[in-house]
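The values are calculated or read from the model by the stated rules, or taken from the named source; none is laboratory data. This structure is a prediction, so every number in the text was calculated from the model and none was measured. Positions of Cβ are backbone-derived with ideal geometry, glycine not excepted, and every protein chain shown enters the neighbour counts. Each accessible area value is taken on the protein alone, full model and side chains, heavy atoms only, with ligands, DNA and RNA left out. Shrake-Rupley method; radii C 1.70, N 1.55, O 1.52, S 1.80 Å.
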Amino acid sequence: MAEATTTVPPAAKTAARAEKAEKKPVVTLATLTPEMASLQQHFGADLIQPAPYEGVLITDPARLTEVTNFLHDELHLESLTSATAVDFIKEGYIELVYHAQHITGGAPLCFKTRVSRKDADTVGLPSLTPIYPGVEFQEREIYDLYGVRFNGHPDLRRILLWEGFNGYPMRKDWHEAYYAQDTKPYDTRWPAGNHKLDEERVPWADNVNYPPNFNPAEYTRNPDEGLYDTMYKEAPEQGPTDTPYQNTGIKTDELIVNMGPQHPSTHGVLRMVVKLDGETITDLKLVLGYLHRNHEKIAERNTWLHNIPYTDRLDYITGMPNELGYVLGVEKLLKIKPTERADYLRVIMCELTRVASHFWSIGFLLNDLGAFYTPALYFITEREFVMDLFDEITGSRMMNNYMRFGGVARDVTPEQLDKIRVLVNERFPRAIDEMERLLSDNEIVRMRTIGVGYLSAERCVAYSVTGPVLRASGVPYDLRRADPYSLYDRFDFDVPVLYGGDVYDRYRVRVLEMRQSLRILEQALAQIEQTKVGDIQAGKKAYIHRVPAGEVYSRVETPKGELGFYMISDGGQNAYRYHVRSASFINLGALKEMTVGMKVADAVVILGSLDIVLGEVDR
Amino acid sequence: MSLLGTGILKGLGVTLKHFIQTYAEDFKYIGKKAGIEPRPLRRQNPANHGMVTVEYPREHMVMPENFRYIPFLVKDSATGEDKCTSCGICAKVCPPQCIWIVRTEDPVTKRPVPAPKEFHIDTSVCMNCGFCAEFCPFDAIKMDHNYEITSMSNRQTELVFDKDRLMMPDTYHAGIHPADWARELEDKKADEAKKKAAAEAKVAADAKKAAAAATGASAAATKTAPPPKPPAPPAQ
Ligand code: SF4
Ligand code: SF4
């Protein structure tokens with residue numbers, strides 16, 4: 001919580017680096033796509049201008065709602081995938097960056113607007129929640145980390161940090177407790193790297209920095225006050241539109257129950273605050289941020305290479321696709337392409353991860369249903385084979401650190417490929433069959449899951465839900481087909497879609513997806529034989545990358561849904577802005593609508609069917 | 001779905017099968033080689049239907065060569081010297097910045113000497129990424145397999161490893177990384193061959209030069225040899 005005024009002597013090198021950055025590269029303006037052009041035509045070139053690098057800039061933030069309405073209604077950009085902000089401290093404004101897309105596929109349309117840093121938390125911007133309800137959590141995140149007020153937001157509170165936190169941590173002038181230097185590598189490590197513990201080095205070693213005139217003894221505000229206020233205010237009759245909750249006439253007391261953060265059903269440290277009428281849920285609020293470590297701030301300190309292992313720690317079940325999304329984005333900025341063999345290895349690793357992740361999530365869904373660990377263990381056993389392979393190939397079971405810019409870290413041996421073949425051709429199909437025998441017709445599973453946690457296709461799209469949850473509601477949207485990346489346009493596979501929109505169909509979609517992944521794997525394993533052994537890195541392997549100035553939004557389909565990386569480079573060794581659009585976080589936004597009207601035991605199952613990982617939710 | 005309850009029965013069949021298979025593997029083992037061979041520790045064989053667990057800590061799994069935990073420094077057992085030249089690359093690529101190196105300086109000339117004076121790795125910060133080993137141009141730092149370094153006391157004294165604690169003989173490295181070691185030896189051989197060829201070429205060139213400059217003043221003879229410089233890191 002240190003403010004910019006703290007005196008950390010800037011190292012000479014940093015100053016030199018800053019000077020270098022001063023010589024701004026020539027900013028290229030985006031070329032307008034037909035859609036952007038039609039937007040410009042409608043609103044005039046004064047309001048809609050091409051933005052630096054990508055997208056359009058809405059020059060008057062007061063008219064944001066008007067323009068967004070046009071995007072939604074006239075251009076049919078049904079879903080807003082990502083919303084974030086960038087702090088341009090030198091220019092003195094905060095830029096809001098939105099990516100909206102057609103649910104039928106294609107690249108997203110990026111639009112931006114600006115608000116001055118001074119006005120951000122007083123004047124603010126219009127909220128987009130009336131048009132895109134899915135943006136609710138993301139706007140709260142921007143408010144939390146950047147201090148931008150959104151007028152008209154239904155519940156604008158901090159989301160990842162606690163109420164009462166001092167400052168907006170993603171702003172460039174905010175320094176964390178053990179702040180050393182703006183960017184890595186730190187000058188204190190070499191050549192005169194006398195080791196010192198961080199705790200001894202920094203002045204505010206106890207990690208507390210009070211604002212002026214603050215007396216902690218007098219501070220009594222309950223940080224949950226705001227949360228409970230919003231829950232008590234809403235009348236139960238005014239539930240969300242799809243599942244209107246009606247009290248059946250018996251007079252009962254309403255009760256607020258905290259589930260979590262230490263609760264086995266929440267798959268980590270998530271807190272669900274539910275309001276109950278008897279056993280029926282009438283309202284639900286989520287409290288996030290227990291695992292928040294400000295991944296984005298760390299990443300902006302990191303060099304481009306440093307950040308690869310950090311992405312493993314986002315959704316720690318699916319390290320490989322996380323890395324892929326990140327390296328694809330940086331490769332786009334660097335304008336390099338990986339070698340053929342590396343590309344195949346990436347696909348193989350990602351699809352193995354998908355199979356493993358779905359095994360895991362189905363196993364734990366059964367745990368949530370009350371089938372304690374017997375089914376889960378069967379599936380974890382299968383996943384274990386994938387983990388073992390990763391251990392052997394990459395050196396670590398989950399924190400793989402396998403992808404590099406332009407390639408992968410290690411080649412696979414023919415024996416390892418054969419092992420994968422045994423898994424893909426024999427073991428996994430058998431295990432999936434067995435899983436279906438165990439679960440798909442099981443009466444208890446069906447009774448507990450069919451019709452539970454229903455969310456219609458329209459609401460899914462409005463909430464920007466992605467991944468198996470969206471496909472179980474009848475929307476055939478899978479980035480591997482909708483906006484193909486890597487080699488996915490080479491393979492023959494289907495995008496499984498089911499129409500129930502309930503927990504059972506989410507389970508079934510995952511099963512079908514695993515079979516499709518095996519299909520992709522079979523083809524990839526056959527095709528990789530045609531590539532040159534050992535050719536896994538394009539160009540020379542480097543540890544310092546000077547990434548040309550630019551901007552990229554790169555996204556991949558992880559087992560949880562769409563994982564997007566929004567990155568800005570200013571031409572240096574570090575990212576100027578790095579944002580993660582995580583599927584788990586945004587899918588959680590739809591949880592309330594799925595659970596209201598259900599029984600409290602169902603809330604656990606519905607949460608399980610979303611398959612969230614808190615590492616990715618809180619980042 | 002037909003009769004109510006058949007789904008559950010089918011599922012119970014799966015559970016029963018698993019229950020039996022778990023023991024079937026053990027019977028197979030008892031039948032074949034009990035008492036002759038120790039139980040195979042890496043049981044995660046896809047053809048195996050039974051249990052896949054080992055009884056840690058009584059048994060330890062065999063780690064694959066690429067497995068990485070925390071890094072160690074390699075000491076050349078032929079010369080007794082550490083291979084590290086304190087070039088600082090590992091400190092630069094380390095994502096959480098947990099490598100601290102003090103470079104040795106020549107007391108007279110103040111020029112850097114290619115050996116670290118101090119080398120610390122804060123293992124409580126290390127994220128086991130393996131970048132240091134991957135980017136070290138001198139094969140001087142490698143990833144260890146020993147994951148049992150838990151400490152119950154002070155982080156500063158127990159988990160910040162200094163040079164002595166980090167240093168391992170290269171025989172240890174060769175033992176846990178046989179393939180990597182073989183590659184190193186190969187590289188060394190190729191290097192030596194290259195050096196030899198270069199030296200021969202140089203001798204030939206020198207002879208030619210000497211012949212050409214035989215009549216001139218022998219200025220070269222008075223020139224002192226420059227102090228050994230650390231080998232340049234490879235181009236980025
Ligand atoms: S990269 Fe290798 S040689 Fe250079 S300082 Fe690190 S361990 Fe020593
Ligand atoms: S393994 Fe990674 S984190 Fe650990 S010392 Fe090496 S570079 Fe640093």
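Tell me which residues, restricted to segment A:428-462, are closer than 19 Å to residue A:519 by Cα and open to solvent by 20 Å² or more (accessible area, probe 1.4 Å). Hits for segment A:428-462 are A:429, A:430, A:433, A:434, A:436. Of the residues making up segment A:36-61, those that are part of a helix (DSSP H, G or I) and either surrounded by 16 or more Cβ atoms within 10 Å (Cβ to Cβ) or at pLDDT 85 or above (or both) are A:36, A:39, A:40, A:43, A:61.
For segment B:150-161, name all the residues that are open to solvent by 30 Å² or more (accessible area, probe 1.4 Å) and within 14 Å of ligand 2 (Cβ to nearest atom). Matches in segment B:150-161: B:159 only.
Residue by residue, here is whether (1) among the acidic types (Asp, Glu); (2) not in a loop (DSSP other than H, G, I, E, B) holds:
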residue: A:86; (1), (2): no, yes
residue: A:99; (1), (2): no, yes
residue: A:103; (1), (2): no, no
residue: A:106; (1), (2): no, no
residue: A:119; (1), (2): yes, no
residue: A:123; (1), (2): no, no
residue: A:129; (1), (2): no, no
residue: A:138; (1), (2): no, yes
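Only a single item in (1) out of contact with any Cys (no Cβ under 9 Å at 6 or more places or on another chain); (2) not in a helix (DSSP H, G or I) is not met by residue A:601, and it is number (2). The residue list B:85, B:104 contains one member that is among the polar types (S, T, N, Q), within 13 Å of ligand 1 (Cβ to nearest atom) and within 15 Å of residue B:132 (Cβ to Cβ), which is B:85.
Looking only at segment A:575-597, residues that are of a type outside the set (D, E, K, R), surrounded by fewer than 22 Cβ atoms within 10 Å (Cβ to Cβ) and over 17 Å from the mean Cα position of the chain (by Cα) come to 2 in all. Pick from segment B:118-149 the residues that are in contact with an Asp or Glu (Cβ under 8 Å, 6 or more places away or on another chain) and open to solvent by 20 Å² or more (accessible area, probe 1.4 Å): which of them is nearest to the other protein chains (Cβ to nearest Cβ)? The qualifying residue nearest to the other protein chains (Cβ to nearest Cβ) is B:120. Checking each residue in segment A:303-318 for being within 13 Å of residue A:396 (Cα to Cα) and within 11 Å of chain B (Cβ to nearest Cβ) picks out A:309, A:312, A:313. Taken together, the residues in segment B:88-117 that are open to solvent by less than 30 Å² (accessible area, probe 1.4 Å) and either within 15 Å of ligand 2 (Cβ to nearest atom) or closer than 23 Å to residue A:305 by Cβ (or both) amount to 14.
In this structure, is residue A:542 at pLDDT below 85 and aliphatic (A, V, I, L, M)? Steps first, answer last, please.
Numbers: at pLDDT below 85: yes; aliphatic (A, V, I, L, M): yes.
Yes, satisfied.
Checking the structure you have, find out if any residue of segment B:47-70 is within 15 Å of ligand 1 (Cβ to nearest atom) and farther than 21 Å from residue A:402 by Cβ. The answer is no; no qualifying residue exists. Residues that are of a type in the set (A, V, I, L, M, F, W, C) and free of Cβ contacts under 8 Å to residues at least 12 places away in the same chain were ranked within segment A:413-452; the one that is farthest from the other protein chains (Cβ to nearest Cβ) is A:447.
Taking helices (runs of 4 or more DSSP H) that fall entirely within segment B:103-212, which contain at least 1 residues that are within 17 Å of the chain's Cα centre (by Cα)?
On the way: elements: B:131-135, B:155-158, B:163-166, B:170-176, B:178-212.
Helices (runs of 4 or more DSSP H) meeting the threshold: B:131-135, B:163-166, B:170-176, B:178-212.
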